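Notes follow the structure.
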Amino acid sequence: MSKHKKLLKKLKSKPKEMSRDEVINILEKYNFNLDFKRGSHIVVQHEKLKNLPGYTPLGELTIPVRNGRYVIRVYLIRIINAIEIIESE
C-alpha cells in the first residue's frame, strides 16, 4: 500500500489528531491550494468547494494547527468531507 493510501486510511479512521505534515501531504495529493498563515493556520482552497455551505465563496477552509504540529479531529473530519465532495464531482 502506498504512503498516500496509508495516510488517507489513517485520516478516514478519524484519529484524535494527525501531524501537520501528514495532513499537508494528503491535501497536496488532492490538488488543494495551500496558504500558510501566520499563527499556525493553513487556508486550503479548491475550485470544487466554491459556494458550498461551510466554505467561503472562494472555496476556502481554514485549518488551525495546534502547537504548530498537529491538526485535531474536528478539522480532520472537515477535510474528509471536503475530499468526499471533490471525489464525487
>> Based on DSSP loop calls and a cut-off of at most 15 other Cβ atoms within 10 Å, the longest stretch of the chain free of exposed trypsin sites (Lys or Arg not before Pro) is what?
In response: 17-37
>> Given contacts defined as C-alpha pairs under 8 Å and at least six residues apart, what's the relative contact order of the stretch 3-88, whole-number percent?
In response: 30 percent
> Taking the Cβ-Cβ separation of HIS4 and GLU87 as r and a Förster radius of 22 Å, what is the calculated FRET efficiency to the nearest 0.05?
Replying inline: 0.95
>> Which of ASP21, ASP35 has the fewest other C-beta atoms within 10 Å, and how do the rest follow up to the most?
In response: ASP21, ASP35
> Can you work out the FRET efficiency for the pair TYR30 and ARG69, with r the C-beta to C-beta distance and R0 = 22 Å, to the nearest 0.05?
Replying inline: 0.55
> Using alpha carbon centroids, what distance separates the stretch 1-49 and the stretch 53-89, in Å?
Replying inline: 8 Å
>> Among (i) 98; (ii) 90; (iii) 81, only one was calculated for this model; which label is it, if the read-out is volume of the Cα convex hull per residue in Å³?
In response: (ii)
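Since every read-out is calculated from the coordinates, none of them should be taken as a lab result. Note that the coordinates shown come from a computational prediction; the quantities given were computed from them, not determined experimentally. Ideal geometry is used to build each Cβ from the backbone, glycine not excepted, and the neighbour counts take in all protein chains shown.
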